[in-house]
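Here the structure comes first, spelled out in C-alpha cells, and everything after it is commentary.
All of the numbers you see were taken from the coordinates with simple rules; none came from a lab. Since the model is a prediction, treat every value here as computed from it, not as a measurement. A quick note on method: Cβ atoms are made from the backbone with ideal geometry, for glycine too, and the neighbour counts reach across all protein chains shown.
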Amino acid sequence: MTKVRMRQAVVQALADELESDPTVILLGEDIAAAGGAFKATEGLLDRFGPVRVRDTPISEMAFLGAAVGAAMAGLRPVVEMMFVEFTGVALDQLVTEAAKVSYLSRGELTAPLTVRASAGAGLGFGCQHSQFLDHWFRATPGLKLAVPSGARTAYGLLRAAIRDPGPVVVLEPRVLYGEREDVEFGEAGIVPLGRAHRVASGDDVTLVALGATVPTGVAALQQAAGAWSADIVDLQTLVPWDRETVVESVRHTGRLVVVEEAPYSGGWGSEICDYVAGELFGELKAPALRVTTPDAPVPYSQPLEERFVPSPELVASQVSQLLATGRRPAPWWEQSGPQ
Amino acid sequence: MTKVRMRQAVVQALADELESDPTVILLGEDIAAAGGAFKATEGLLDRFGPVRVRDTPISEMAFLGAAVGAAMAGLRPVVEMMFVEFTGVALDQLVTEAAKVSYLSRGELTAPLTVRASAGAGLGFGCQHSQFLDHWFRATPGLKLAVPSGARTAYGLLRAAIRDPGPVVVLEPRVLYGEREDVEFGEAGIVPLGRAHRVASGDDVTLVALGATVPTGVAALQQAAGAWSADIVDLQTLVPWDRETVVESVRHTGRLVVVEEAPYSGGWGSEICDYVAGELFGELKAPALRVTTPDAPVPYSQPLEERFVPSPELVASQVSQLLATGRRPAPWWEQSGPQ
Amino acid sequence: MNGERQLRRAALATPLGPFERMTEIRAVEERIQILYNEGHVRGSTHLSNGQEAVAVGVAAAARPTDIVTCTYRGHGQALALGLTPTEVIGEITGRSIGCAGGHGGSMHLAGPDVGLWPTFAIVGAGLPVAVGAALATQVTQAGHAAIAVFGDGAANIGAFHESLNLAAIWRLPVVFVCENNLYGEYTRIQLSTPVSDLADRAAAYAIPGLVVDGQDVAAVTSAVREALDRARNDGGPTLLEMKTYRYSGHSKSDPATYRPAGELDQWLRRDPITLEASKLIENGTATEEQLSAIRSLIAAKVQQAAADALAAPEPEAAEMLMHVHP
Amino acid sequence: MNGERQLRRAALATPLGPFERMTEIRAVEERIQILYNEGHVRGSTHLSNGQEAVAVGVAAAARPTDIVTCTYRGHGQALALGLTPTEVIGEITGRSIGCAGGHGGSMHLAGPDVGLWPTFAIVGAGLPVAVGAALATQVTQAGHAAIAVFGDGAANIGAFHESLNLAAIWRLPVVFVCENNLYGEYTRIQLSTPVSDLADRAAAYAIPGLVVDGQDVAAVTSAVREALDRARNDGGPTLLEMKTYRYSGHSKSDPATYRPAGELDQWLRRDPITLEASKLIENGTATEEQLSAIRSLIAAKVQQAAADALAAPEPEAAEMLMHVHP
Ligand SMILES: Cc1ncc(C[n+]2csc(CCOP(=O)(O)OP(=O)(O)O)c2C)c(N)n1
Ligand SMILES: Cc1ncc(C[n+]2csc(CCOP(=O)(O)OP(=O)(O)O)c2C)c(N)n1
Ligand SMILES: [Mg+2]
Ligand SMILES: [Mg+2]
C-alpha cells in the first residue's frame, strides 16, 4: 500500500497498462509533452515515447473518433477529455458509433477504448467547466461508466476499464486529483467494473455515494458523531451499477439515502432509489431520499459553489431529518432558513 | 376540431407562429425546398420565403449554434434535427451554451430557440436512427423538453415551445407523423409546457406515458377489456414534468406503471417512480413499475423491433401481473417463455 | 475468414472483374428497389446506381487488409469489397442470413474480414474512424492503410475538417474518397458549398487533393492505388474527389424532382458500366456477346440471391440482447 | 444601457484612446495576476497580455450594436468594449459587483449592452453563435454585424469549418478574427496545424482571408473596419488572422516552459503598447511625459478598482437559483 494523490494513481494505472499491453496508447490535448492539464499523464511521454503517447490538436471529434477506429483495429486507446464538457462536441462517436460496434458486427468487432474525463464542480471553473454530465453516458446500451472516489479506485477502475473489451467512460472527479489515499498497485489493485464497495458499515441508513460524494458521505457520518450509523456504499461503477450490494445493504438498514453530484431533476440517484424501493416494497422504514445539487448551472462564486454541491453538513442534516420524521425532508432550496 | 396527421399539425403550428411572430425563422436540412424529410415543414418556404425558411448545409454544430446566436439577438429560431441522433455532433451548443445564456447574463439575454427532432424506434431505420435520446436533454438546468403523443400535442406543445423565453427541445415520435388526431387549431389549441394531460380515468392503476407510449397505453387498456381500469396520464412535457397531476392520480389508484420508450437502465421513468414513491410512501398498493425497452441497440429486423418497444400486449400483461401479485413482474427479457 | 468473400475480392483483378462486379451491383440495387416496392425493405435504403465505378475502383485498389469506412449508401461498396448478393440482400430484408444477421439493415452493412466496417449512418462519422484505423497501423507498423468513403455533403461537417487536419499532422496512411454526386439529400451542392471542386479543400491541410473521373473505373482504381502507395510509404493522407452521380433519388422515398431536366440523361451517357463495356470490346478483351452472356448470368444469380434471402428465417427475439457488450 | 460603458467605448475614438485602453488592460491583468497569487481568483484565468492591440482594435472598429463573441481569454476584449475594471475584476474575484454578479467568473465576462455576449469557455463555440447573430441582423436588416474572436487552436475544431462555410453560403455579415498567438495551451501551432498562415483556410470557403499585424492597433482597427464595411454591404464574411503573442502562459497555472528561448524577448520588442506610444510621440500627438502621466493615472485607477471589487459583497446563495430560466 502506498499513499498517493489521485492524479498519481491515474499516471500509475496508465503506466502499468502501457507497460503490460503494447496495444495501449494515449491520446489527448497536452497529455504528452505537458503531462496533462491535471498532470494525470505526467512522465508517460518520456517513458513510452511519442508513438504511443500523443498530443492532439483541439479536435475532439477527430481524436475521439480516431480512438474508436484504432480500438476497432486492435489497439486499446485511452483518450483524455480534459473537461467532460468537451465531449459535447464529439458525443456521436462514443454513443452512436463505439457503443454499437459490437452489436452491428455481431461480435466480430469490438471497440475497447477508454475515455477519461475530469468532471464535476468545486474548483471555481465556472458553469461550462464544472458539470458532471454522467447522464450523457447513461441510457446507452454498449457503454459502461465508472467513477472513482479517490486514488484507490482511480487506479483500479482505470486498469479494469482499459482491459474491458468494450468502450468505457471513466469520469474522474476533478476536485479529488490532489487528494491522497492508500493504493495497492499491481494486479491485486484492479477494481472490477460493476461492483460496489462498502466503505462503512452501520445499521440506521444506507448511504449510496459516487465519486466525490463518497468522502462527503464519510464526513457526514463523522459529523453525526454516533447519532446514527450507516452503511456507506461507493458504487464505483454507475453503468452497470451493483444492484445486489445496494439492495442487500438497504434490506439490512431499511433506509436509503443517495448522495449525488447531479441535478435534482434527471440525476442518476432516481434509478437507484426506484429499483431498491421496488425490490424492498413494504420493507423500507422510510422513503428513499436523494441529496442532490439544485437545478441550476454551477456558480463561480466560492460560497455559492460550496453550497451547490452536497456538503457533509447538508447530508447529515437530511439524514437526521429522515430518521426523525420517517419522511423525505425537502431539498435545501425549498426549505426556509439557512441549511 | 380538425382531424389531421401529426406532420400536418407540426406544419400548422409552425405556420401559425411564423404568421403571428415575424421573429420566428426555421432552419434545418432540406426543410425549405423539400418540405422536410418527414414533410413537417411542407409549403412553408412558399408561404414565408427563403429569408425565414432556410435549408442548411450538413453542419449541425453551425446551424444549431446559429440558432442560439440568432435567438440571443432577438429571433425565435426553430431548428429541425431530422433525426435526434444528429444532435450528437452539436450537443455542446444546446447544453453548454444555450441553456446557460440566461444564467450567465443574469437574465439580460435569453436564447428562445426551439429544437425539433424526430425520435424513436418503430420504422426500421436501424440503431443509429431509432434512438429516443431524451436523456441527452434532461439533467440540464435551463433546458426544457416536450414530447408530443399525436397531432394535438404536436401542435399545442410546439407553439408553446416557440413562445417560451428559453431553449426548448421537442422530440417528435417519428412513428406518429402519419397518425391522425383531432386538433383544435389557434390560441385555444396551445398546450402549456409543464402540464400533463389525463387521457383516461380509472381506479386500479395510473399509467404514465410519453410520446408514442401514450397510444400504447391506451391500446393496452382496451386489451384489458375491463379486467382493470386505469388513469392514463400523458406527461406531454418531460422537463419539467407535472408532479402534481401524477401524484394526485396515483394517490387515487394506489399503483403506478410508467411506460417508456427508453432503456431499462437510465430511462426517464425512474425519476417519476422514485418521486411518487417518496410522496406516497406507505400509501401504494404495489411497487411502481417501469415497462421499458431492453438494454440493447434498436434492432432493424421488424419482429425484433416490434418486440423491442413496449407493445400493448406487454403493457397489459405487466399490469395484470402487478395487479395479481402486488409485486413487480420481471421485464420480458428476464422472463422465460413468450411474452 | 470467409473464403467466398476473399475470392470475390480477388476476382476484381481479372480483366472482366470490374465490369462483372459493377454489373452485379447494378442488378442487386435494381432488385432492392423491387423488394422495397414490395415492402420487404424497412426504413430507408440508399441506392448507389451510377456510382458503381467508385465502389469497384476503391475495392480493386485496396487490399483486403485495408480498412474501408463508408456510408449508408454502401450496397455497392459492400459488394465490391467481397460481400455476396445474398448476404447484402439478406441484411436489407432483415434476414438472419444477412451480413449483420438482420440487426443492422440497409445502412449498416458489415464485412470486417474484407475490410468493411459497419457502414456509418451519421454523415461524416466514418472519417475519424478511418483516421483511427490508419493510426493503429502506423503504431503497429502493420503496413495497412485506411480509406474513408463519404459524400460531397459530408465535406461541410466538422468531422471532415478535423479528420483531414489530424491525418495531415500525423501523416497517417489514410485516403479520403469523396463521392461528389452533386447532391446532399435534396440539396444541390452549390447551395451548401461555396467551392466547386472539393479537392481544393486539401490545401487547407497541406495534403494532395485530386479531382478524379468517378465514372471511369480504371481512373478511380489508379487514383486510389496511387494515394494508397503514398500512404503506405509515409506520404500521408490524400483527398480524392470522385465526380459522379446517383441515378435514383437520395433514398427510396425521394423522386428527385429537384434535378434540372436533362441532367440525368447527360450522366447516363457516361454510365460507368457502359463505358467499361465499350472499353473491353474496343481493346478486344471481350465481345458484345460475351458481355451480354455475363449480364444474363449475373441477373439470374442475383434473382436467386434474392430468393435465397427471402427464404431465409428472420432473427430470433433473444438475439437482440446478444453482442451488446463484447 | 450602461452609460459608463458607452462612454468608455466612445473614448476609443480619441487619439489617445487606444493607448489608454491598452495600458489599462495591461494594468488590469497585472492586477489579476497579483490577485490570483493572493488566492482571490478561483479556477483558472487566462491573461491576454501582449494581445491588447487585437482587443482594442476590434472594439475600436466595431459599433456598440455589433455583437462580439470571444473566448475565456477575454479580459482585454471586455475592457476594450467598455466594461469597467471594477466589474471585470469584480467578476473574476466572484463579487456581486462583477459583470455577471460573480456567477460567471474569469471565463464568462458579459456586457450585452456593448455587444459582449457571455464569453465562451468551449473552444470554437463562439463562432456558430456569432454566425447566428449575423443571421439575425440579415433577417431583420438591422445593419449590424457580428465578430467572432478565437484562437489559432480553434482553427482545428469542427465549429470553425462549419461556421465559415455557413457564413460564406449565406453571405452573412460576420468577421472571423483569429488571434494567432502561436500556441494552443502548451502546444505550438506547428504541432497541431499543417499550414503556417491560417488566413489561407479562407480559400476553402471562397471568402477573403488576410494576415494582419496583431501588434499594431491601427492595423488591426483598419483591417477589422474594412471587413465590417464589406460585411455591412452584403460582401459576406472575412477571415482575419492576427499575428500576435501572449506573454504569459496559457493560464495562471502554466509557466510556459515550452517556449523556445528568446521567443518572448523577440515579441516584447514589438510590444503593442510601446509601439503605439512611440507612434503617438513621433506624430506629435503626445509627449513622453504625458504618456507616463497617463500610465500612473491608470495604475492608480486600476488599483482603486481592485480595492472596490474586493470590498464588494459576495453573492447570496439564493441567487444561484435565479435566471436559470428567463
Ligand atoms: C450528422 C448527420 N446529419 C444529417 C444526416 C441526414 N442525412 C443522411 S444522408 C444526407 C446527405 C448526405 O449527402 P452526401 O454527403 O453528399 O452523401 P450522399 O447521400 O450524396 O451519398 C443527410 C443530410 C445524417 N445522417 N447525419
Ligand atoms: C472543445 C474544447 N476543447 C478543449 C478545451 C481546452 N482548452 C481551453 S483553451 C485551449 C487552447 C486554445 O488555444 P487557442 O484557440 O489558440 O486560443 P488561446 O488560448 O491561445 O487564446 C484548450 C485546448 C476547450 N476549452 N474546449
Ligand atoms: Mg452527395
Ligand atoms: Mg493560441
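Mean per-residue shielding of peptide D:312-321 is 6, counting Cβ atoms of other chains within 10 Å of each Cβ.
For the range C:177-188, 3J(HN,Hα) computed residue by residue from phi via the Karplus equation (6.51, -1.76, 1.60; θ = phi - 60°) reads 9, 9, 8, 8, 9, 6, 9, x, 6, 9, 10, 5 Hz, glycine and proline entered as x. Model label points for residue D:310 and residue B:243, set 7 angstrom from Cα along the Cα-to-Cβ axis, are 4.3 nm apart. By definition, a body whose alpha carbon gyration tensor gives a ≥ b ≥ c is rounded when a/c is under 1.5, and the range A:174-272 falls into this rounded group. Listed peptides C:10-21, C:120-131 appear in the order C:120-131, C:10-21 once ranked by packing, highest mean of other Cβ atoms within 10 Å at the front. Entry note, chain B: relative contact order of 15 percent, from Cα contacts under 8 Å with a spacing of 6+ residues.
In terms of its alpha-carbon gyration tensor, chain D comes out rounded; the largest-to-smallest axis ratio a/c stays below the 1.5 threshold. Less than 13 Å from a label point 7 Å out along the Cα-to-Cβ axis of residue A:184: which backbone N atoms in the range A:191-228 qualify, by residue? Zone members listed by number: A:191-192. Run the label-point distances for residue A:184 please: 7 Å along Cα to Cβ, every other copy, nanometres, shortest first. With the label placed 7 Å along Cα→Cβ, residue A:184 yields 6.8 nm. Computed packing ranks the peptides C:188-195, B:72-79 as B:72-79, C:188-195, most packed first, by mean other Cβ atoms within 10 Å. Net charge dipole, the range A:21-143: roughly 300 debye, given to the nearest 20, about the Cα centre with Cβ charges of +1 for Lys and Arg and -1 for Asp and Glu. Highest GNM mean-square fluctuation among B:267, B:124, B:282, for chain B modelled with Cα contacts below 10 Å: B:282. Residue by residue along C:148-154, Cβ atoms of other protein chains within 10 Å of the local Cβ number 1 on average. Remark: the residue C:65-residue C:256 segment gains 65.0 nm on full extension, using 0.36 nm per residue and subtracting the alpha carbon distance. Between residue A:327 and residue B:227, the distance separating the two model label sites (each 7 Å from Cα on the Cα→Cβ line) works out to 3.8 nm.
Treating r as the C-beta distance of residue A:313 and residue B:280 and R0 as 45 Å, the FRET efficiency rounds to 0.95. Pairs from the list B:3/B:100; A:39/B:144; B:3/B:144; D:279/D:301 with a Cα-Cα gap above 30 Å: B:3/B:100; A:39/B:144. Taking every C-alpha pair closer than 8 Å and separated by at least 6 residues, the mean separation divided by the residue count of chain C gives a relative contact order of 22 percent. Each copy carries a label point for residue C:11 at 7 Å from Cα along the beta-carbon vector; from one copy to the others these points are 8.1 nm apart, nearest first. Can you tell me the FRET efficiency between residue C:278 and residue C:197 if r is taken as the Cβ-Cβ distance and R0 is 30 Å, rounded to the nearest 0.05? In this case the efficiency is close to 0.65.
Which of rounded, prolate or oblate describes the range B:74-152 when judged by the alpha-carbon gyration tensor and an a/c cut-off of 1.5? Since a/c reaches 1.5 and a/b is larger than b/c, the shape of the range B:74-152 is classed as prolate. Residue of chain C with the Cβ closest to the rotation axis carrying C onto D, and that distance rounded to whole Å: C:158, 1. Sorted shortest first, the separations between the residue D:34 label point and its copies elsewhere in the assembly read 8.6 nm; each point sits 7 Å from Cα along the Cα-to-Cβ line. For residue C:111, the amide hydrogen comes within under 5 Å of the amide hydrogens of C:116, C:117, counting only partners 5 or more places away or on other chains and with H modelled in the peptide plane. Working from label points 7 Å from Cα in the Cα-to-Cβ sense, the residue D:30 to residue B:33 distance is 5.9 nm. When A:182, A:204 are arranged by Cβ crowding within 10 Å, least crowded first, meaning fewest neighbours, the order is A:182, A:204.
Computed with the Debye formula from one identical point scatterer per Cα of the protein assembly as shown, without solvent, the log10 of I(q)/I(0) at q = 0.05 Å⁻¹ comes to -0.35. Dipole check for the range D:268-325: with +1 at the C-beta of Lys and Arg, -1 at the C-beta of Asp and Glu, and the Cα centre as origin, the magnitude is about 320 Debye. For the range D:31-91, GluC sites (Glu not before Pro) are listed when DSSP marks them as loop and at most 13 other Cβ atoms sit within 10 Å of their Cβ; the list is D:38.
Mean partner shielding of peptide B:106-114, defined as the number of other chain Cβ atoms within 10 Å of each residue Cβ, is 5. For residue A:233, the residues whose amide H sits under 5 Å from its own are A:199, A:207, A:208, A:209, ignoring neighbours fewer than 5 places away on the same chain, with H placed 1.01 Å from N. Only helical runs count toward this figure. For chain D, summing -39,500 (n - 2.57) over DSSP H runs of n ≥ 4 and dividing by all residues gives -13500 deg cm²/dmol at 222 nm. A simple charge model with +1 on the Cβ of Lys and Arg, -1 on the Cβ of Asp and Glu and nothing else charged puts the dipole of the range B:145-274 at about 120 debye relative to its Cα centre. In terms of surrounding Cβ atoms within a 10 Å radius of their Cβ, B:129, C:323 rank from fewest to most as C:323, B:129. A cut-off of 5 Å between modelled amide H atoms, ignoring neighbours fewer than 5 places along the same chain, links residue D:71 with D:120. Karplus-based coupling profile of the range C:307-320, in residue order and whole Hz: 4, 4, 4, 5, 6, 6, x, 7, x, 7, 3, 4, 4, 5, with θ = phi - 60° in 6.51 cos²θ - 1.76 cosθ + 1.60 and x standing for Gly or Pro. Sorting the segments A:325-332, B:257-264 by their mean number of nearby beta carbons within 10 angstrom, highest to lowest, gives B:257-264, A:325-332.
By the helix-only formula, in which each DSSP H run with n ≥ 4 contributes -39500 (n - 2.57) and the sum is divided by residues, chain B has a 222 nm mean residue ellipticity of -9500 deg cm²/dmol.
Taking 4 °C and 1.567 mPa s as the conditions, I'd like the Stokes-Einstein D for the range A:1-140 in µm²/s, using the Kirkwood hydrodynamic radius from alpha carbon pairs. In µm²/s, the coefficient is 83. Note on residue D:234 and residue D:210: the extension gain reaches 6.8 nm, defined as 0.36 nm multiplied by sequence separation minus the Cα-Cα distance.
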